[in-house]
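In what follows, a structure is listed as C-alpha coordinates, so that the remarks can point back to it.
The values are calculated or read from the model by the stated rules, or taken from the named source; none is laboratory data. All values reported here derive from a predicted model rather than from experimental measurement. Here the Cβ is made from the backbone with ideal geometry for all residues, glycine too, and neighbour counts use every protein chain on show. To get the accessible areas, we keep the full protein, side chains included, count just its heavy atoms, and leave off ligands, DNA and RNA. Shrake-Rupley method; radii C 1.70, N 1.55, O 1.52, S 1.80 Å.
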Amino acid sequence: MLKLQIENSWKDHLQPEFDKEYMLKLEAFLAQEYGQGKTIYPDVQNIFACFNHTSFEKVKVVILGQDPYHGPGLAHGLSFSVQKSTKIPPSLRNIYKEISRDLSIISPPHGNLESWANQGVLLLNSVLTVEKSLAGSHQKKGWEIFTDTAISALNAGRENIVFLLWGNYAISKGQLIDETKHLILKSAHPSPLSAHRGFIGNEHFSKANNYLEKTNQTAINWSITD
(Lines give C-alpha, C1' and ligand atoms only; values in the text may rest on other atoms or scores of the structure.)
Protein backbone atom coordinates (compact mmCIF):
# COMPACT_ATOMS: atom_id res chain seq x y z
CA MET A 1 0.00 0.00 0.00
CA LEU A 2 2.50 2.63 1.14
CA LYS A 3 5.24 1.80 -1.35
CA LEU A 4 3.03 2.80 -4.28
CA GLN A 5 2.77 6.38 -3.04
CA ILE A 6 6.40 7.40 -2.72
CA GLU A 7 8.30 9.34 -5.39
CA ASN A 8 10.59 7.23 -7.57
CA SER A 9 13.95 8.74 -6.59
CA TRP A 10 13.16 8.07 -2.94
CA LYS A 11 11.81 4.63 -3.77
CA ASP A 12 15.24 3.82 -5.23
CA HIS A 13 16.80 4.45 -1.81
CA LEU A 14 14.02 3.23 0.47
CA GLN A 15 12.63 0.27 -1.49
CA PRO A 16 14.24 -2.39 0.76
CA GLU A 17 12.52 -0.91 3.83
CA PHE A 18 9.05 -1.79 2.58
CA ASP A 19 9.81 -5.51 2.75
CA LYS A 20 11.28 -5.46 6.25
CA GLU A 21 9.38 -6.82 9.20
CA TYR A 22 9.00 -3.46 10.96
CA MET A 23 7.40 -1.91 7.88
CA LEU A 24 5.04 -4.83 7.35
CA LYS A 25 3.96 -4.48 10.99
CA LEU A 26 3.50 -0.74 10.51
CA GLU A 27 1.33 -1.27 7.46
CA ALA A 28 -0.73 -3.85 9.35
CA PHE A 29 -1.16 -1.41 12.24
CA LEU A 30 -2.32 1.36 9.90
CA ALA A 31 -4.71 -0.99 8.10
CA GLN A 32 -6.22 -1.92 11.46
CA GLU A 33 -6.58 1.75 12.46
CA TYR A 34 -8.32 2.62 9.20
CA GLY A 35 -10.41 -0.54 9.45
CA GLN A 36 -11.69 0.55 12.85
CA GLY A 37 -12.85 3.82 11.35
CA LYS A 38 -10.30 5.98 13.14
CA THR A 39 -9.39 9.36 11.69
CA ILE A 40 -5.70 9.43 10.79
CA TYR A 41 -3.73 12.52 9.80
CA PRO A 42 -2.56 13.39 7.25
CA ASP A 43 -4.82 11.91 4.58
CA VAL A 44 -3.44 8.72 3.03
CA GLN A 45 -2.39 10.47 -0.17
CA ASN A 46 -0.27 12.94 1.83
CA ILE A 47 1.61 10.53 4.11
CA PHE A 48 4.68 10.78 1.87
CA ALA A 49 4.08 14.36 0.71
CA CYS A 50 7.49 15.55 1.91
CA PHE A 51 9.24 13.03 -0.36
CA ASN A 52 6.89 13.66 -3.26
CA HIS A 53 7.47 17.43 -3.17
CA THR A 54 11.24 17.15 -2.77
CA SER A 55 13.02 14.43 -4.70
CA PHE A 56 16.18 12.83 -3.31
CA GLU A 57 18.55 14.68 -5.64
CA LYS A 58 16.78 18.01 -5.08
CA VAL A 59 17.18 18.16 -1.29
CA LYS A 60 19.21 21.17 -0.14
CA VAL A 61 17.85 21.69 3.38
CA VAL A 62 16.20 19.31 5.85
CA ILE A 63 13.88 20.65 8.56
CA LEU A 64 13.08 17.84 10.95
CA GLY A 65 9.86 17.70 12.93
CA GLN A 66 8.49 14.97 15.16
CA ASP A 67 4.77 14.25 14.66
CA PRO A 68 2.07 15.50 12.29
CA TYR A 69 -0.48 17.93 13.70
CA HIS A 70 -3.37 15.97 15.22
CA GLY A 71 -6.17 18.49 14.74
CA PRO A 72 -8.54 18.63 11.76
CA GLY A 73 -7.51 20.49 8.63
CA LEU A 74 -3.88 20.97 9.63
CA ALA A 75 -1.45 18.20 8.66
CA HIS A 76 -0.73 17.63 4.98
CA GLY A 77 2.53 15.69 5.13
CA LEU A 78 5.11 18.46 5.54
CA SER A 79 6.72 19.18 8.93
CA PHE A 80 5.59 22.46 10.54
CA SER A 81 3.37 23.21 7.51
CA VAL A 82 -0.43 23.50 7.59
CA GLN A 83 -3.10 23.85 4.95
CA LYS A 84 -3.81 27.41 3.83
CA SER A 85 -7.34 27.46 5.22
CA THR A 86 -6.24 27.00 8.85
CA LYS A 87 -4.68 29.19 11.50
CA ILE A 88 -0.89 29.37 11.64
CA PRO A 89 0.29 27.24 14.61
CA PRO A 90 2.45 28.82 17.35
CA SER A 91 5.72 27.09 16.42
CA LEU A 92 5.38 28.15 12.79
CA ARG A 93 4.61 31.71 13.88
CA ASN A 94 7.93 31.72 15.70
CA ILE A 95 9.66 30.33 12.61
CA TYR A 96 8.20 33.20 10.61
CA LYS A 97 9.24 35.62 13.34
CA GLU A 98 12.86 34.47 13.12
CA ILE A 99 12.85 34.59 9.32
CA SER A 100 11.51 38.13 9.49
CA ARG A 101 14.14 39.12 12.04
CA ASP A 102 16.95 37.33 10.21
CA LEU A 103 16.15 38.25 6.60
CA SER A 104 13.70 41.18 6.87
CA ILE A 105 11.00 39.10 5.20
CA ILE A 106 7.35 39.92 5.88
CA SER A 107 5.51 37.02 7.51
CA PRO A 108 2.99 35.38 5.14
CA PRO A 109 -0.76 35.20 5.84
CA HIS A 110 -0.88 31.39 5.85
CA GLY A 111 1.17 28.39 6.98
CA ASN A 112 1.50 26.31 3.82
CA LEU A 113 5.20 25.65 3.19
CA GLU A 114 4.92 23.87 -0.15
CA SER A 115 6.93 26.63 -1.83
CA TRP A 116 9.88 25.74 0.40
CA ALA A 117 9.48 22.04 -0.34
CA ASN A 118 9.40 22.70 -4.06
CA GLN A 119 12.74 24.53 -3.78
CA GLY A 120 14.50 21.65 -2.07
CA VAL A 121 13.56 21.94 1.61
CA LEU A 122 12.69 18.46 2.88
CA LEU A 123 10.07 19.03 5.56
CA LEU A 124 10.42 15.66 7.25
CA ASN A 125 8.58 14.50 10.33
CA SER A 126 10.12 11.60 12.21
CA VAL A 127 6.66 10.01 12.54
CA LEU A 128 4.45 10.32 9.47
CA THR A 129 0.95 9.59 10.83
CA VAL A 130 -1.10 10.29 13.96
CA GLU A 131 -4.60 9.56 15.21
CA LYS A 132 -6.96 12.53 15.50
CA SER A 133 -6.65 14.34 18.86
CA LEU A 134 -4.05 11.86 20.17
CA ALA A 135 -0.59 13.43 19.99
CA GLY A 136 2.19 10.87 19.62
CA SER A 137 -0.24 8.00 19.09
CA HIS A 138 1.78 6.50 16.23
CA GLN A 139 5.20 6.85 17.80
CA LYS A 140 7.34 3.70 18.09
CA LYS A 141 5.28 1.85 15.49
CA GLY A 142 8.10 1.84 12.93
CA TRP A 143 8.03 5.26 11.34
CA GLU A 144 11.16 6.40 13.19
CA ILE A 145 13.18 3.56 11.64
CA PHE A 146 11.93 4.49 8.18
CA THR A 147 12.64 8.21 8.47
CA ASP A 148 16.03 7.59 10.09
CA THR A 149 16.83 5.48 7.03
CA ALA A 150 15.84 8.41 4.80
CA ILE A 151 18.19 10.72 6.74
CA SER A 152 20.98 8.14 6.53
CA ALA A 153 20.42 7.78 2.77
CA LEU A 154 20.79 11.53 2.31
CA ASN A 155 23.87 11.55 4.51
CA ALA A 156 25.54 8.80 2.49
CA GLY A 157 24.33 9.63 -1.00
CA ARG A 158 24.51 13.41 -1.07
CA GLU A 159 26.85 16.21 0.00
CA ASN A 160 26.44 19.78 1.25
CA ILE A 161 22.92 19.50 2.68
CA VAL A 162 21.90 21.84 5.51
CA PHE A 163 20.19 20.04 8.41
CA LEU A 164 18.18 22.33 10.70
CA LEU A 165 17.76 20.51 14.01
CA TRP A 166 15.49 22.33 16.46
CA GLY A 167 14.94 20.94 19.94
CA ASN A 168 16.46 17.96 21.70
CA TYR A 169 14.56 15.34 19.71
CA ALA A 170 15.72 16.68 16.36
CA ILE A 171 19.22 17.30 17.68
CA SER A 172 19.45 13.61 18.63
CA LYS A 173 19.23 12.78 14.91
CA GLY A 174 22.54 14.54 14.38
CA GLN A 175 24.29 11.24 15.11
CA LEU A 176 23.08 10.04 11.68
CA ILE A 177 24.81 12.92 9.85
CA ASP A 178 28.47 13.35 8.86
CA GLU A 179 29.41 16.94 9.71
CA THR A 180 32.39 16.76 7.34
CA LYS A 181 29.95 16.39 4.40
CA HIS A 182 27.01 18.48 5.53
CA LEU A 183 26.14 21.51 7.65
CA ILE A 184 24.24 20.89 10.89
CA LEU A 185 22.61 23.87 12.59
CA LYS A 186 21.16 23.26 16.05
CA SER A 187 19.02 25.37 18.37
CA ALA A 188 16.08 25.30 20.74
CA HIS A 189 12.70 24.32 19.31
CA PRO A 190 10.46 27.11 17.93
CA SER A 191 7.66 26.12 20.31
CA PRO A 192 6.48 29.02 22.52
CA LEU A 193 7.78 27.00 25.48
CA SER A 194 11.37 27.14 24.25
CA ALA A 195 11.75 29.61 21.37
CA HIS A 196 13.13 32.30 23.70
CA ARG A 197 15.92 29.93 24.76
CA GLY A 198 17.83 30.23 21.51
CA PHE A 199 15.55 29.71 18.55
CA ILE A 200 14.79 33.40 18.14
CA GLY A 201 18.09 34.87 17.03
CA ASN A 202 19.62 31.64 15.69
CA GLU A 203 19.95 33.09 12.16
CA HIS A 204 19.58 29.62 10.70
CA PHE A 205 17.91 30.84 7.52
CA SER A 206 20.65 33.25 6.50
CA LYS A 207 23.31 30.74 7.59
CA ALA A 208 21.67 28.05 5.46
CA ASN A 209 21.60 30.30 2.42
CA ASN A 210 25.19 31.42 2.93
CA TYR A 211 26.29 27.77 3.03
CA LEU A 212 24.26 26.87 -0.05
CA GLU A 213 25.78 29.72 -2.02
CA LYS A 214 29.27 28.87 -0.78
CA THR A 215 28.79 25.32 -2.07
CA ASN A 216 27.55 26.54 -5.47
CA GLN A 217 23.88 25.92 -4.83
CA THR A 218 20.94 28.29 -5.22
CA ALA A 219 19.76 29.89 -1.99
CA ILE A 220 16.24 29.21 -0.70
CA ASN A 221 13.67 31.97 -1.06
CA TRP A 222 12.20 31.81 2.44
CA SER A 223 9.45 34.32 1.66
CA ILE A 224 6.00 32.96 0.86
CA THR A 225 3.95 35.20 -1.37
CA ASP A 226 1.15 33.09 -2.83
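How many residues, within the stretch 21-43, are in contact (Cβ under 8 Å) with a residue 40 or more places away in the chain and either in a loop (DSSP other than H, G, I, E, B) or of a type in the set (Gly, Ala, Ser) (or both)? So that I can check it myself, show each step before the final result.
To start, the set of residues in the stretch 21-43 that are in contact (Cβ under 8 Å) with a residue 40 or more places away in the chain comprises 22-23, 25-26, 29-30, 33, 38-42.
Next, from what is left, pick out any that are either in a loop (DSSP other than H, G, I, E, B) or of a type in the set (Gly, Ala, Ser) (or both): 38-39, 42.
Here the count works out to 3.
Considering the stretch 194-226 alone, what residues qualify as being in a helix (DSSP H, G or I), in contact with a strand residue (DSSP E or B) (Cβ under 8 Å, 6 or more places away or on another chain), of a type outside the set (Lys, Arg) and closer than 19 Å to Ala170 by Cβ? Before the answer, list the steps.
Step one: list which residues in the stretch 194-226 are in a helix (DSSP H, G or I), which gives 195-197, 204-214.
Next, only the ones that are in contact with a strand residue (DSSP E or B) (Cβ under 8 Å, 6 or more places away or on another chain) stay: 204, 207-208, 211-212.
Cutting the leftovers down to of a type outside the set (Lys, Arg) gives us 204, 208, 211-212.
Residues satisfying the conditions are His204, Ala208, Tyr211.
Residues are listed down the side, and each one gets a yes or a no for (1) modelled with pLDDT of 95 or more; (2) buried (at least 17 other Cβ atoms within 10 Å of the Cβ):
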position: Leu4; (1), (2): no, no
position: Asp12; (1), (2): no, no
position: Phe18; (1), (2): no, yes
position: Glu21; (1), (2): yes, no
position: Lys25; (1), (2): yes, no
position: Gln32; (1), (2): yes, no
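Only one of these conditions is not met by Thr147: (1) assigned to a loop (DSSP other than H, G, I, E, B); (2) open to solvent by less than 20 Å² (accessible area, probe 1.4 Å). Which number is it?
Going through the list (1) assigned to a loop (DSSP other than H, G, I, E, B); (2) open to solvent by less than 20 Å² (accessible area, probe 1.4 Å), Thr147 breaks only (1).
Filter the helices (runs of 4 or more DSSP H) completely within the stretch 49-133 down to those with at least 1 residues that are under 17 Å from Ile151 (Cβ atoms) and either among the hydrophobic types (A, V, I, L, M, F, W, C) or open to solvent by 10 Å² or more (accessible area, probe 1.4 Å) (or both).
Details: elements: 49-53, 90-103, 114-117.
Those helices (runs of 4 or more DSSP H) span 49-53, 114-117.
Can you pull out the residues in the stretch 150-165 that are in contact (Cβ under 8 Å) with a residue 40 or more places away in the chain, farther than 21 Å from Ala75 by Cβ, surrounded by 14 or more Cβ atoms within 10 Å (Cβ to Cβ) and small (Gly, Ala, Ser)?
Ala153 - this is the single residue of the stretch 150-165 that is in contact (Cβ under 8 Å) with a residue 40 or more places away in the chain, farther than 21 Å from Ala75 by Cβ, surrounded by 14 or more Cβ atoms within 10 Å (Cβ to Cβ) and small (Gly, Ala, Ser).
Identify all residues within the stretch 207-226 that are modelled with pLDDT of 95 or more, open to solvent by less than 20 Å² (accessible area, probe 1.4 Å) and under 22 Å from Ile88 (Cβ atoms); write none if there are none.
Within the stretch 207-226, Ala208, Ile220, Trp222 meet the criteria.
Checking Ser137 against (1) more than 15 Å from the chain's Cα centre (by Cα); (2) part of a helix (DSSP H, G or I); (3) of a type in the set (Ser, Thr, Tyr), which single condition isn't satisfied?
(2)
Name the one entry in Glu159, Glu179 that is at pLDDT 95 or above, more than 25 Å from Ser115 (Cβ to Cβ) and either in a loop (DSSP other than H, G, I, E, B) or polar (S, T, N, Q) (or both). Don't jump to the end; show me each part of the working.
Values: Glu159 fails: more than 25 Å from Ser115 (Cβ to Cβ).
From the options Glu159, Glu179, the qualifying one is Glu179.
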